[in-house]
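J.: Mind having a look at this structure? Questions to follow.
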Protein chains: 2
Amino acid sequence: MLLLRRCHSLTRFGPLNTQRHQVTPAVVSCAVRLWSSSSEDGGSYQRAHGPSWRHGLAGLLAGTGAVLAYGLHHHKAEQQDSSTVQTIEKTSAFPIISQEEVTTHRSLEHGIWVTFKGGVYDITKFVAMHPGGDKILLAAGGALEPFWALYAVHNQEHVLEMLSEYKVGELSAEDVKKQKAIKTSDPYSTDPERHPALHINNLKPFNAEPPPELLSDSFITPSAIFFKRNHLPVPQVDAASYQLHIEGLPGGVLTLSLEELKTRFPKHTITATLQCAGNRRSEMNKVKQVKGLNWGIAAISNATWGGARLRDVLLAAGYSPDVAQRAFHVQFEGLDKDVTGTTYGASIPLNKAVNEEGDVLLAYEMNGQDIPPDHGYPVRAVVPGTVGARNVKWLGKIIVSAEESSSHWQQNDYKGFSPGTDWDTVDFKSAPAIQELPIQSAITVPTDGAVVDRSSEEVTVKGYAWSGGGREVVRVDVSLDGGKTWQVAQMRSSEKGQAPGPSPPPGRAWAWKLWEVTAPLPAEAQELEIVCKAVDNSYNMQPDTVPPIWNLRGVLSNAWHRVKVEIREDDNEI
Amino acid sequence: MLLLRRCHSLTRFGPLNTQRHQVTPAVVSCAVRLWSSSSEDGGSYQRAHGPSWRHGLAGLLAGTGAVLAYGLHHHKAEQQDSSTVQTIEKTSAFPIISQEEVTTHRSLEHGIWVTFKGGVYDITKFVAMHPGGDKILLAAGGALEPFWALYAVHNQEHVLEMLSEYKVGELSAEDVKKQKAIKTSDPYSTDPERHPALHINNLKPFNAEPPPELLSDSFITPSAIFFKRNHLPVPQVDAASYQLHIEGLPGGVLTLSLEELKTRFPKHTITATLQCAGNRRSEMNKVKQVKGLNWGIAAISNATWGGARLRDVLLAAGYSPDVAQRAFHVQFEGLDKDVTGTTYGASIPLNKAVNEEGDVLLAYEMNGQDIPPDHGYPVRAVVPGTVGARNVKWLGKIIVSAEESSSHWQQNDYKGFSPGTDWDTVDFKSAPAIQELPIQSAITVPTDGAVVDRSSEEVTVKGYAWSGGGREVVRVDVSLDGGKTWQVAQMRSSEKGQAPGPSPPPGRAWAWKLWEVTAPLPAEAQELEIVCKAVDNSYNMQPDTVPPIWNLRGVLSNAWHRVKVEIREDDNEI
């Protein structure tokens, strides 16, 4: 038997802690650029962004805020939300300032003042350095607490230390009392309980992935450990009063209750893998810092989804082929909102939505049960073969449109760029929004740094493989010597043992395949560099290395996956 | 301006000639193996292959026989066409020169001689002045007529006047006579005349590709230099008696004449790139010997095709959606036959054939004219986004079936395998027939080994990029330093200058994009390793290197393309 000792599995995120400080300059420079483009209205970001700047800011904050959060999950136990963060110690050296006075400082011209826990801060000079961009201006003249409650990344000591440098006064006792009277409840306080096995990449909004070795244990990922990627607080949706609005079709607006969605349309079931665009971003981070959550290899999972076909609902709402002459996209709006009321949004091509073989669902079931709150209760879009970001959760509105979603996440995020493109040169309009994802695979067992006993004589390697656009994985090659020689893995495409199932119809292979190889330990080797690469039925293959596919957002990280394993001789055994 | 001297262009096939002798044993050994497996009925090849062994031998011959034909292309220069250009007046002042003598003048070192209408011209000194650059060298040692026929700009009086200044002799009467085609009785004797610019990889059956630098000259490849990949002799088809049979549908057999195909169904036109599965095979051969024609980078071309939609014809023949419950493939049979009477055959998935967005044509026009004999006159299948091998030429029969084509080319060829799979272990049943091809790109200018003058200060790199399955190429990255740093190329997707056209509908980007980068020469570099890699809108990228995608048939060769260019310092100039 193979004995694997996973020495580093518990410190897997350790090195990232040390990276945190290297990150700051890049973040600051980005913030400066953003600020200048917003204020001068001359930057491409601002131009590209137009009227929906709120989306942009929300997304940026959700995205870039994360940079500061690397490695935070170790402190998760210590993590506190705003209500319990220690108050900065007051000193009598500061003047007393009224809320009325604070309120007059809401512009760069008159200065940007904010309050926090009874202190008054002039953050005018900090605005340009704020990693979350000028969203900080939303708090100008008022209290920080409600915003920090939304983006819990701020709840760290060094953030408080930074803030203390800008202190200019104490808020009058009377105004402090008034502030307390106003509810500043934590918008994440109603987020659901989560499974403790999850590796948390960000707590608020919640982003977490399962341990890789659990992932490859089951063809269908249990919902509790299915990777979770929220952009905003989980909305509290009452199923009884839930309404789904379908707009942009000749029949006018169609509104459906959950009951109507379930009863008016046949229920379809598909097994589909969802993957975050940022899956395996941590490997890009090792090449050069990128902006985004530091996902490992498990921002991907596979579930069975049940629901109405989007095609059927669109037909009921008045869709006919001539609509396709003027409309090219189907936009989704979530019910999850930021403090400004901006909802999460994304869109998919109309032909994916209406094609009989597109298999897009308005899903109300996940793995045979109501969709859990973290995955979009009561209804989410499931767009098989398409990047997770377009599988909009807590679905509130569907709009058939000539245009893509104007949301930040469609326009200015989730796009791929050349390794030579940086935040100073990037033009988000130059790249298409990610829809179908490229061929992907990774090794779940053994983990990097594991130790194999020589006496075990062989090593078993396991992993997953998947490709976007319904392209079926047809082969996984595994190497034990860093890619010099290769063997073909056994694959399975169901829960039923190792036998491969029959191929799905062409272009409709929505589910991953799990794979496995058991091979003799090479006689002389003291270390194995295990590598995997997958091939889909368009014979697309994974690129060899990370640097040539590196991009500033760290998306689409699909190079060969590599883990190093030490072979320990028996006589080294204790 | 960049001055490129392609010192080696004329000897490009030289090394391959020397390889020929190395190749022969491999071919023999393979044939022996095949034979023994046929006779002993013990080989896996035979088992997989069963009753259709004739296909196997035919395919093998078509594939490996090619290796023997390297370098023949120079003799093609004897082909002539009936140009409208006036004959230059002969004078007796010039010596009589044999074709043999002309043929020895094919380099700057030995002089560049060409023939035109019986005259012999030494154009060595003109080469540097040629407005079309060193493409003129393609005619070196042979006749100008076929090239001038392709580029009608030459058909002007002043061009003839210029040429007359370089006259050095008269071609011998005997050689003038020989230039007129020699008829033989072999099955290829009725093969059409071909353009002498083509690099011939195999003469019988005819397999040839254009020079790369011509390929990127025009968005639409002229039919004369469109790559040609025949598996058998070109059949002589009489358009008046031509019949297309459609079988396997409830309505029984439908038979259509060419006239009926043209008049009963609306004519559709698409621009689609076709690529041979073996394009760029020569790069795999450099890693380890593979079996197949040694294609360079130009077994790919782009044309406009006109014809009836296969969908429309199948509907007329009785196709309805319930047929899809029992039939999954559409088989094509060509009218080209081997000596045993076996026809070329292949199949495509039924959903590609009947989908409104599949755009499969029964084409009778290529670039606005009747399809030329080499490309399938009078009717061929054009299956856009799909490997060339399924675009069956000289189409005789269409069969809607539960099974794929049983032909050698569908079952035991045109499939991809792991680099670790060899001829002893290969199981052709284990891999799917290639249909959609993966992302591809290559550098057409400069060619490998070109020399750039330091004084030119910059280098212009050109190439093509394409992906299968209708996936649009969204970016091409170019590196001058072997892949360390990258810049983004300008792309064009039409004949109209450099501006990119609007994107085609999702999944229907059938045509390639041509791309170009002009970059400063790096100050210190003495050599450039130019690399390109493309990205499609599923964000699939080309793999970095050849060895990990090497496979025994040398198909699917789509690693980054690399060319080395020498930078010559000015003081080295003569």
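J.: Just to be sure before I move on: is B:Trp560 within 24 Å of the chain's Cα centre (by Cα), of a type outside the set (A, V, I, L, M) and more than 9 Å from chain A (Cβ to nearest Cβ) in the structure I sent?
T.: No.
J.: OK, next. Condition first: among the small types (Gly, Ala, Ser) and open to solvent by less than 20 Å² (accessible area, probe 1.4 Å). Now tell me which residues in the range A:450-474 satisfy that.
T.: A:Ala450, A:Ser456, A:Gly463, A:Ala465, A:Ser467, A:Gly468, A:Gly469, A:Gly470
J.: Within the range B:251-275, which residues are within 12 Å of B:Ala316 (Cβ to Cβ) and part of a loop (DSSP other than H, G, I, E, B)?
T.: Hits for the range B:251-275 are B:Gly251, B:Phe265, B:Pro266.
J.: Applying the selection to the range A:475-485, what residues are at the interface with chain B (Cβ under 8 Å from one of its Cβ atoms) and crowded, with 23+ Cβ neighbours inside 10 Å?
T.: A:Arg475, A:Asp477
J.: Another question, then. Those residues that are within 26 Å of the chain's Cα centre (by Cα) and within 14 Å of chain A (Cβ to nearest Cβ), I need them from the range B:328-356; list them, please.
T.: B:Val330, B:Ser347, B:Ile348, B:Pro349, B:Lys352, B:Ala353
J.: Okay, next question. Scanning for something modelled with pLDDT under 95, open to solvent by 10 Å² or more (accessible area, probe 1.4 Å) and either among the polar types (S, T, N, Q) or not in a loop (DSSP other than H, G, I, E, B) (or both), does the range A:243-250 turn up at least one residue?
T.: Looking through the range A:243-250, none of the residues is modelled with pLDDT under 95, open to solvent by 10 Å² or more (accessible area, probe 1.4 Å) and either among the polar types (S, T, N, Q) or not in a loop (DSSP other than H, G, I, E, B) (or both).
J.: Quick one: would you say A:Pro438 is within 11 Å of chain B (Cβ to nearest Cβ), open to solvent by less than 30 Å² (accessible area, probe 1.4 Å) and under 23 Å from the mean Cα position of the chain (by Cα)?
T.: Answer is yes for this residue.
J.: Tell me yes or no: at least one residue of the range B:421-443 is in the same structural domain as B:Asn558 (by the TED database), in contact with a strand residue (DSSP E or B) (Cβ under 6 Å, 6 or more places away or on another chain) and either more than 30 Å from A:Ser479 (Cα to Cα) or of a type in the set (Phe, Trp, Tyr) (or both).
T.: yes
J.: Could you give every pair whose Cβ atoms fall below 8 Å, whose first residue belongs to the range B:527-540 and is open to solvent by 10 Å² or more (accessible area, probe 1.4 Å), and whose second residue is among the polar types (S, T, N, Q) and part of a strand (DSSP E or B), counting only separations of at least 6 or pairs across chains?
T.: B:Glu529/B:Ser479
J.: Please find, within the range B:508-530, the residue that is farthest from the chain's Cα centre (by Cα) out of those that are at pLDDT below 95 and small (Gly, Ala, Ser).
T.: B:Ala523
J.: While we're here: Out of curiosity, is B:Pro384 at pLDDT 95 or above, assigned to a loop (DSSP other than H, G, I, E, B) and under 30 Å from B:Gln490 (Cβ atoms)?
T.: So B:Pro384 passes the test.
J.: Checking A:Ile200 against (1) open to solvent by less than 30 Å² (accessible area, probe 1.4 Å); (2) in contact with a strand residue (DSSP E or B) (Cβ under 8 Å, 6 or more places away or on another chain), which single condition isn't satisfied?
T.: Exception for A:Ile200: condition (1).
J.: I would also like to ask the following. Could you check the range B:541-554 and list, in sequence order, the residues that are more than 8 Å from chain A (Cβ to nearest Cβ) and open to solvent by less than 10 Å² (accessible area, probe 1.4 Å)?
T.: B:Asn551, B:Leu552, B:Gly554
J.: Checking the structure you have, find out if any residue of the range B:227-237 is aromatic (Phe, Trp, Tyr) and within 30 Å of B:Val563 (Cβ to Cβ).
T.: Checked the range B:227-237: at least one residue is aromatic (Phe, Trp, Tyr) and within 30 Å of B:Val563 (Cβ to Cβ).
J.: Can I ask one more? Somewhere in the range B:420-432, is a residue under 23 Å from A:Ile549 (Cα atoms) and facing another protein chain (nearest Cβ under 8 Å)?
T.: Checked against the condition, which is being under 23 Å from A:Ile549 (Cα atoms) and facing another protein chain (nearest Cβ under 8 Å), the range B:420-432 yields no hits at all.
J.: Identify all residues within the range A:375-408 that are surrounded by fewer than 24 Cβ atoms within 10 Å (Cβ to Cβ), more than 22 Å from A:Ala299 (Cβ to Cβ) and of a type outside the set (Lys, Arg); write none if there are none.
T.: Matches in the range A:375-408: A:Pro378, A:Gly396, A:Ile399, A:Ser401, A:Ala402, A:Glu403, A:Glu404, A:Ser406.
J.: Could you tell me whether any residue of the range A:399-410 is within 14 Å of chain B (Cβ to nearest Cβ), touching a residue at least 12 places away in the same chain (Cβ under 8 Å), touching a helix residue (DSSP H, G or I) at 6+ places or on another chain (Cβ under 6 Å) and not aliphatic (A, V, I, L, M)?
T.: yes
J.: I'm told A:Lys393 meets every condition in (1) among the charged types (D, E, K, R); (2) assigned to a helix (DSSP H, G or I); (3) more than 13 Å from chain B (Cβ to nearest Cβ) except one. Can you identify the failing condition by its number?
T.: Looking at each condition in turn, A:Lys393 falls short on (2).
J.: Only residues that are under 14 Å from A:His329 (Cα atoms) and over 16 Å from the mean Cα position of the chain (by Cα): list them for the range A:384-405, please.
T.: A:Lys397, A:Ile398, A:Ile399, A:Val400, A:Ser401, A:Ala402, A:Glu403, A:Glu404, A:Ser405
J.: Something else: Could you go through the range B:502-512 and let me know if any residue there is within 14 Å of chain A (Cβ to nearest Cβ), of a type in the set (Lys, Arg) and under 23 Å from B:Ala298 (Cβ atoms).
T.: no
The values are calculated or read from the model by the stated rules, or taken from the named source; none is laboratory data. Only a predicted model underlies this, so the values are computations on that prediction, with no experimental measurement involved. Positions of Cβ are backbone-derived with ideal geometry, glycine not excepted, and every protein chain shown enters the neighbour counts. What goes into the accessible areas is simple: the full protein's heavy atoms, side chains included, and nothing from ligands, DNA or RNA. Shrake-Rupley method; radii C 1.70, N 1.55, O 1.52, S 1.80 Å.
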